[in-house]
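> Have a look at this one.
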Amino acid sequence: MLRRQALILLIVALLGLSGAIRWVFTDPQPLVRTALIMGTLVEIRAYPGPAGDVGEAVEAALAEMRRLEKLLSSYEPESEIAQLSARSDALELSAETVKLLHQGQKLVRQTQGAFDMTLGRVKQLWGIAGDNPRVPEPDELQAALHGSGPGALRISGRRVVKHDPRLQLDLGGIAKGYAVDRAVAVLRRAGISSAAINAGGDIRVLGKHGERPWKIGIQHPRRSDAILLGLKLSDTAVATSGDYQRFFEQDGVRYHHILDPADGRPARLCQSVTVVAGEAVQADALATAAFVLGPQRGLRLLEDLPAIEGLLVDSAGRLLKTSGLPE
Ligand code: AMP
Ligand code: MG
């Protein structure tokens, strides 16, 4: 009798270890896939839909993000953005890229130029993404800023021309968010109604996490193992821009990847900014812009925009939140 009980216990334990118990008695488990896309770790979690294969749906979503990397990345020599950067005359772009540029231009206006897609030369000077980052000289920065800013591009129909032929575009502040939105659209079309995509801090959740909202932990900007704040969200996007994501240090100063278009130097007023918005493309760009604007102007920008919430950590580590932040 005892031996039989022990055997049953052993079977139960083995089933538990293999996950089978959880499959039988609780909700289905999400499928989790990761991939390196746009220079960042992308993670997709998706629960099976009523029909179709969740694995295929997730692979299609990742393929969509890789397609957008080939279209928009300045590191892909064949991308439309790299081609436009290399050109001195007008170039006809795809309707999709033009639409994203228009969306970006709108964010440039909304943020008084704090969001800037024309800082490619400045970014190259700092070399923060590469192996040999360095602090550029002031005159180098001035030269690299030449021709950048809100009026740098002329878009008519699908033809785009740069006023300064040397201008280099960089959609690094918006492309990940856009790719996350497109990947969510792919999942939705495949019948998935519960999923979360995280592309290096640009997150969008679809539906709920079982019966409950998704819980998203916002990383503490100075303690890599600590959560600053937890957000409960469903069917929304949240993006974080932080000075801890990509940086190097020299003589005790932290030089990071979010640049102030006013002087081409890393913006110094915040440690991190998180924005909650309907779409990841908006959350992504607004987080970058509010970081540049700093705690006061950044908070005002987020408060003034409808259906946008956020939290900012200023340079002293103080936390500021918009009034409607869903905690
Ligand atoms: P994010 O990680 O979304 O804050 O975006 C940072 C990336 O956007 C950088 O690595 C640059 O490629 C680009 N970037 C830097 N400064 C700006 C800016 N002021 N406006 C728009 N994009 C920027
Ligand atoms: Mg961003």
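> Could you list, in their original order, any pairs among Lys70/Lys321; Lys176/Lys208; Lys123/Lys208 whose Cα atoms are separated by more than 30 Å?
Check vs 30 Å cut-off fails for Lys70/Lys321; Lys123/Lys208.
> Specify the inter-centroid distance of the range 258-327 and the range 169-236, based on alpha-carbon positions, in whole Å.
17
> Now a separate question. Could you give each residue of the range 273-288 its phi-based ³J(HN,Hα) in whole Hz, using Karplus coefficients 6.51, -1.76, 1.60 with θ = phi - 60°, and x for Gly or Pro?
Using θ = phi - 60°, the values come out as 9, 10, 10, 9, 8, x, 10, 5, 4, 6, 4, 4, 5, 5, 5, 4 Hz.
> Non-local amide H neighbours of Leu31 (under 5 Å, H modeled in plane, Pro and chain starts lacking H): which ones?
Ala46, Tyr47
> Separate question: Considering the convex hull of the alpha carbon atoms of the chain, report its projected area averaged over all viewing directions, in nm², one decimal.
Computed as one quarter of the Cα hull surface, the answer is 20.6 nm².
> Could you go through the range 230-242 in sequence order and give the Karplus-derived ³J(HN,Hα) for each residue, using 6.51 cos²θ - 1.76 cosθ + 1.60 with θ = phi - 60°, rounded to whole Hz, and x for Gly and Pro?
Result, ordered by residue: x, 10, 9, 9, 9, 6, 7, 10, 8, 10, 10, 10, x Hz.
> Turning to a different aspect of this structure: Name the long-range amide H neighbours of Leu259: under 5 Å, sequence gap of 5 or more, or other chain; modelled H, no Pro or chain starts.
Residues meeting the amide H criterion: Ala267.
> How big is the charge dipole of the chain about its Cα centre, in debye rounded to the nearest 20, if each Lys and Arg gets +1 on its Cβ and each Asp and Glu gets -1 on its Cβ?
740
> What number comes out for the charge environment of Ala144, summing +1 per Lys or Arg and -1 per Asp or Glu over other residues with Cβ under 12 Å away?
Numbers: positive: Arg121, Lys123, Arg166, Arg265; negative: Glu137, Asp139, Glu140, Asp164, Asp170, Asp263.
Once positives and negatives cancel, what remains is -2.
> Identify, among His102, Gly242, Ser79, the residue whose Cα sits farthest towards the positive end of the charge dipole of the chain, taking +1 on the Cβ of Lys and Arg and -1 on the Cβ of Asp and Glu, with the dipole about the Cα centre.
Gly242
> Return the loop-located trypsin sites (Lys or Arg not before Pro) in the range 219-327 (DSSP other than H, G, I, E, B) with at most 12 other Cβ atoms within 10 Å of their own Cβ; answer none if there are none.
Here the sparse-neighbourhood loop sites are Arg223, Arg318.
> What are the ³J(HN,Hα) couplings of the range 191-198, residue after residue, when phi is run through the Karplus curve with 6.51, -1.76, 1.60 and θ = phi - 60°? Round to Hz, x for glycine and proline.
Those phi angles translate into x, 7, 10, 9, 7, 9, 10, 10 Hz.
> Also: If packing is taken as the average count of other Cβ atoms within 10 Å, what order do 277-287, 100-110 fall into, highest mean first?
Averaged packing, sorted descending, gives the order 277-287, 100-110.
> Binning at 10 Å from 0, report for the range 91-137 what percent of all alpha-carbon pair distances ends up in each bin.
Using 10 Å bins, I get a P(r) of 23, 33, 33, 11 for the range 91-137.
> Let me know the shape class of the range 61-105, please: from the alpha-carbon gyration tensor, a ≥ b ≥ c as square roots of the eigenvalues, rounded when a/c is under 1.5, otherwise prolate if a/b is greater than b/c, or oblate.
The shape class here is oblate.
> A further question follows. In whole percent, what relative contact order does the range 170-245 give with Cα contacts below 8 Å and a gap of six or more residues?
26
> Could you give me the percent of Cα pairs per 10 Å distance bin for the range 207-319, shortest bin first, beginning at zero and ending with the bin that holds the maximum distance?
With a bin width of 10 Å, the distribution comes to 14, 45, 31, 8, 1, 0.
Bear in mind that the values in this text are calculations on the coordinates, not laboratory data. Here the structure is a predicted model, which is why all the values come from computation and not from measurement. Glycine gets a Cβ as well: all are built from the backbone with ideal geometry, and neighbour counts include every protein chain shown.
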